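Heads up, the thing below is written out as structure tokens.
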Amino acid sequence: MLGQFKRVLSLLLALTLLMGVTPVAGFATEDAVSPELQAVLDDPPPSFEGIIPLPMPVPEPEATPEPEATPEPEATPEPEDTPEPEVTPEPEGAPEPEDTPDTEPPDAPVVIAEFDKLDEATLFQRYGLGELSSQDEPVLPGALTGMDTCGAPFVIEEIVWQSVPPFDPAVLAEYTFLPGLPAGYELAEGAQAPVIKVNIEATAIQIDAGDIQGVTPPAAGESPVEAITETEQYTGTVSWTQVESDTSEFETQYTATIILTPGEGYTLEGVAEDFFTVEGALSVSNDADSGVVTAVFPATQAAGLYNAGDIAVINNIIANNGLSWTIANPADGSYVPPDWRDVRWSLGSEDRRITHMYISSKWLWGELDVSGLSALVELNCSYNYSLGALDVSGLSALVKLNCSNNSLGALDVSGLSALVELDCRYTSLTALDVSGLSALVELNCSYNRLTALNVSKNTALYELDCSYNNLTALDVNTALAFLDCSDNSLSKLDVSKSTGLWVLDCSYNNLTALDVSKNTELCELNCSFNYVLTALDVSKNTALYELDCSANNLTALDVSKNTELWELTCRYNPITHFKSTNGRELYVTILPTSNSRVDLHFEPSTGDCWLQAWTNMAYTSLEWTVTGAGTTMDITDYYVYIMLEPDAGPTMVTANFILRVYTAAIGGVTAPATGETPANSITETEQYTGTVSWSPAHATFKPGTAYTAAIVLTPKEGYTLEGVAANFFTVEGAQSVSNDAGSGVITAKFPATGIKVDTGASQGATRPSAGQNPTKTITRTKSLYNLGDIAVINDIIERSNLDWDGWISGDTPPADWAQGIEWSDGKVNKRIVELDISGQKLTGMLDVSGLDELTKLDCSDNDLTSLDVSGCSKLAYLDCSGNDVTELDLSGNGKLIDFNCSDNPLAKLKPVSGGRFHIAIERI
């Protein structure tokens, strides 16, 4: 192939010389061929086959017609054998023959004068190693344009480019791409085809190692380093300012200037401003895209300035407990890292000791050992949550310790003889021995799991908060001024020796009695929510300023001796006799006496008294009667507002509720059955009696007869039918029950007696199968009571220790179920709409999520630890007070309007989504 190419080239050159035509650039002689093209000639690539330029035809002399008698030779011999043809001059003025045929070859080549210039980005291309995978990815134009020697533009399509050397995107090199011209195109003299250069270069990686190693904080006596620790990304030199000798001086501050040199294949381009760090430096700075780094260090210290043992303790906490401080290195006491800001040292020129350490909210974990810090005076390691143990043994100098909000579980403070303040709340303690802390003044051990606490030997104790525990016994001393023992399980409390007591909060316990007669300096007393407290004598507490005795069982309250009283809360008590300051006296009567109460609000400074009546029964009106001394200011359906006159005798108030009949289900009237005697009266209730007449009026019920019962109710004293809704009443077994609004005349229509079963398809019987026991019963089509709701209650009986009888039949509920459950109306599939299981000693988890028709739930005063009401979308009233619930999710209870979660150690409450409700959450 190469020989043929050269012979064609030689013939082309010979013809060119013979005709006097200048050769095309690149094809004149071998010496004139460019090096790139010469390489192609020496070793033509396969892709150039078929596009080698054709020999140029011999042009006809200008204006000279070709002689007619000269035939065109059939074949062109080799140049050395072909005689030079004679040139026939054209006669002057001879006209061109009209019929002279055009002798130019039918496909004359286009002689290219110049190519249109390609842009620089195409002519010179640079790529990083790995950016290309084949020759098709560089920018190589598929067509070239330009102008021929006649001034006409041209477009050459389907240009084939060839690389010299052969293109390999995985090899670093400069590749020259040459275009191959298809047949029919030639280069004029001086014309040059475009040449594209493609360079594959190594890609520089941006430096990302910001931590410069090998440069440590200057220390007295050490020689300054002159180079950093070399990495594959860079090397670096170090120079120092304020260096006055060959070694670092004591109490001198030094600045290091570090100049980084990128390693091969790495670049500083793209490095952010102040990107680099140097361990132990006070500040480190660099410009963007720069490797000149300035590091300012703290002043040097003399070796032994800080106690090495204390430094070892902190280094150990950093290594083992997750403290995000810098480890001191060296740890010989010559310096401490600048981020040890939360540590205070003793004064002195050497061997300084840690006296105060504040490592609160540092997300520490594991066992924290600070026993080696023997000079420690104050330690605050609170709010670390995952801290599982604390060793403070031997810290005889410790005065103040705050280790609250951790997961310690146990705490040994027996050796802390100097301790004055101890805060260990929220640490899951089950026991605490403070008997050896004779200097203790303040103790807060609230929100733990303590069952007993003895502070009788802590004679200096001034303030004690042991609230929110499980205390059943508490032994206090004589020096207490502030005592909060609320939210425990105390049945008795002896504060007779604390004669200097100023503030006492013993609310939310089980106190049956409280003697504060010896606490003559008492200013604030909160004994609310003890429920079983029946009497309270505060006559000796003449300095009393605030008193809250609400939610007890007090029937009488006398504050006539408490002339300094400014705030009094005594609501939620069945108080019938109240004696206020300055001889103001009030007697209260409420009717009916059961299931009702009157809340008393009294303003000591003015003598204003508000009485608000409550009942858990439906009523139509409330009739107030006020007699005796006192001025009635206002009376509404809910409260009476009275100005008690000083020293003017007693005031008598009566609140009489006119109750609306609220029991809808009429008992004693059952569906007629053939042969039975019709009932003529209903089952009497506390609200009404009633008579029954039947139509037709048969002595006994006949078969196949539909009967209608006419029931006439008579309300008992204190009850009224006024306000009863239309069709309010229900009669078991009736097809329809109707009554007018405000009426006790009820019509109940029953199905005909003797009606046969209308369910044709029995359910539950299956096709016999080998090895299977035969079924003996069919599936009941519908249960009178919803079996799913029954299953929920059975689960509560088993899992939460509800002391009720189990029940699975769905026919007639057990008696103890009837006391706490209100079912929906209807003949079949009755649903639970109200559930009262308060005070049932329930434990563990209560799951009522399956009661999706539940509107009211009272599970108060139990020992529940969790509550699931997620499926109760209709729940409107919820009382879960007096339990041990720590988390509660109400996000799915969008209809909740009344919620009481008081007296629970709630740590997390997810409220109703988008809901608005009244919430009683006084003590969580």
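The values are calculated or read from the model by the stated rules, or taken from the named source; none is laboratory data. Values in this document were obtained by computation on a predicted structure and should not be read as measured data. Cβ: placed from backbone, ideal geometry, glycine included. Neighbour counts: every protein chain shown. Remember, those area values only see protein heavy atoms, side chains included, never the ligands or the DNA or RNA. Shrake-Rupley method; radii C 1.70, N 1.55, O 1.52, S 1.80 Å.
Which one of the conditions (1) open to solvent by less than 30 Å² (accessible area, probe 1.4 Å); (2) closer than 30 Å to Asp332 by Cα; (3) modelled with pLDDT of 90 or more; (4) not small (Gly, Ala, Ser) does Val225 fail to meet, given that it meets all the rest?
(1) is the only condition that Val225 fails.
Of all residues in the stretch 785-832, how many are closer than 14 Å to Val848 by Cβ and among the basic types (Lys, Arg)?
2
If you go through the stretch 513-551 one residue at a time, how many are in a loop (DSSP other than H, G, I, E, B), open to solvent by 10 Å² or more (accessible area, probe 1.4 Å) and not aliphatic (A, V, I, L, M)?
14
Return yes or no: is Leu864 surrounded by 17 or more Cβ atoms within 10 Å (Cβ to Cβ) and without any contact (Cβ under 8 Å) to a residue 60 or more places away in the chain? Talk me through it step by step, then tell me what you get.
Working: surrounded by 17 or more Cβ atoms within 10 Å (Cβ to Cβ): yes; without any contact (Cβ under 8 Å) to a residue 60 or more places away in the chain: no.
Against the criterion (surrounded by 17 or more Cβ atoms within 10 Å (Cβ to Cβ) and without any contact (Cβ under 8 Å) to a residue 60 or more places away in the chain), Leu864 does not qualify.
Pull out all pairs, ordered by first then second residue, where Cβ-Cβ is under 6 Å, the residues are six or more apart or on different chains, the first lies in the stretch 785-802 and is touching a residue at least 12 places away in the same chain (Cβ under 8 Å), and the second is buried (at least 19 other Cβ atoms within 10 Å of the Cβ) and assigned to a helix (DSSP H, G or I).
Pairs found: Leu802/Ile796.
Answer yes if at least one residue in the stretch 576-593 is surrounded by 14 or more Cβ atoms within 10 Å (Cβ to Cβ) and within 49 Å of the chain's Cα centre (by Cα), and no otherwise.
Checked against the condition, which is being surrounded by 14 or more Cβ atoms within 10 Å (Cβ to Cβ) and within 49 Å of the chain's Cα centre (by Cα), the stretch 576-593 yields no hits at all.
Check Gly810 against each of (1) open to solvent by 10 Å² or more (accessible area, probe 1.4 Å); (2) under 30 Å from Pro751 (Cβ atoms); (3) not hydrophobic (A, V, I, L, M, F, W, C) and name the one condition it does not meet.
Answer for Gly810: the failing condition is (1).
Tyr447 versus (1) under 17 Å from Ala389 (Cβ atoms); (2) within 36 Å of the chain's Cα centre (by Cα): which is the lone unmet condition?
(1)
When you check Val292 against the structure, is it modelled with pLDDT of 95 or more and open to solvent by 40 Å² or more (accessible area, probe 1.4 Å), yes or no?
Working: modelled with pLDDT of 95 or more: yes; open to solvent by 40 Å² or more (accessible area, probe 1.4 Å): yes.
For Val292, the condition - modelled with pLDDT of 95 or more and open to solvent by 40 Å² or more (accessible area, probe 1.4 Å) - is met.
Considering only the stretch 121-150, state which residues are more than 51 Å from the chain's Cα centre (by Cα), open to solvent by less than 40 Å² (accessible area, probe 1.4 Å) and not aliphatic (A, V, I, L, M).
Residues satisfying the conditions are Thr122, Gln125, Pro141, Gly146, Asp148.
What number of residues within the stretch 293-329 are under 26 Å from Thr237 (Cβ atoms) and not aliphatic (A, V, I, L, M)?
6
Which condition breaks for Val271 when tested against (1) of a type outside the set (Phe, Trp, Tyr); (2) under 41 Å from the mean Cα position of the chain (by Cα); (3) open to solvent by 20 Å² or more (accessible area, probe 1.4 Å)?
(3)
Can you say whether Asp332 is open to solvent by 40 Å² or more (accessible area, probe 1.4 Å) and of a type outside the set (Val, Ile, Thr), as far as the supplied structure shows?
yes
Looking at Ser414, Ser407 in this structure, which one is touching a Gly at 6+ places or on another chain (Cβ under 9 Å), loosely packed, with under 14 Cβ neighbours inside 10 Å, of a type in the set (Ser, Thr, Tyr) and without any contact (Cβ under 8 Å) to a residue 40 or more places away in the chain?
Residue meeting the stated conditions: Ser414.
Within the stretch 267-280, is even one residue within 20 Å of Pro218 (Cβ to Cβ), modelled with pLDDT of 90 or more and outside any loop (DSSP other than H, G, I, E, B)?
Within the stretch 267-280 (the criterion being within 20 Å of Pro218 (Cβ to Cβ), modelled with pLDDT of 90 or more and outside any loop (DSSP other than H, G, I, E, B)), the answer is yes, since at least one residue qualifies.
Given the residues Thr632, Thr663, Thr689, Thr651, which is the only one that is farther than 27 Å from Lys716 by Cα and modelled with pLDDT of 80 or more?
Criteria check complete, one pass: Thr651.
Could you please let me know if Val215 is within 20 Å of Glu131 (Cα to Cα), of a type in the set (A, V, I, L, M, F, W, C), open to solvent by less than 20 Å² (accessible area, probe 1.4 Å) and touching a residue at least 24 places away in the same chain (Cβ under 8 Å)?
no
In the stretch 428-479, how many residues are within 20 Å of Leu416 (Cβ to Cβ), open to solvent by less than 50 Å² (accessible area, probe 1.4 Å) and not small (Gly, Ala, Ser)?
Going through the stretch 428-479 one residue at a time, the tally reaches 19.
Condition first: free of Cβ contacts under 8 Å to residues at least 40 places away in the same chain, within 16 Å of Ser346 (Cβ to Cβ) and open to solvent by 20 Å² or more (accessible area, probe 1.4 Å). Now tell me which residues in the stretch 360-396 satisfy that.
Within the stretch 360-396, Ser374, Val377, Glu378, Ser396 meet the criteria.
Do we find that Met643 is farther than 18 Å from Tyr719 by Cβ, modelled with pLDDT under 80 and open to solvent by less than 60 Å² (accessible area, probe 1.4 Å) in this structure?
When the stated conditions are applied, Met643 passes them.
So, in the stretch 166-188, of the ones that are out of contact with any Ser or Thr (no Cβ under 6 Å at 6 or more places or on another chain) and small (Gly, Ala, Ser), which residue ends up farthest from Cys150 (Cα to Cα)?
Ala170
Among the residues of the stretch 342-355, what is the count of those that are open to solvent by less than 40 Å² (accessible area, probe 1.4 Å) and under 23 Å from Ser324 (Cβ atoms)?
Looking only at that region, the number is 3.
Which is under 30 Å from Phe729 (Cα atoms), without any contact (Cβ under 8 Å) to a residue 40 or more places away in the chain and open to solvent by 60 Å² or more (accessible area, probe 1.4 Å), of Ala876, Ala815?
Ala815
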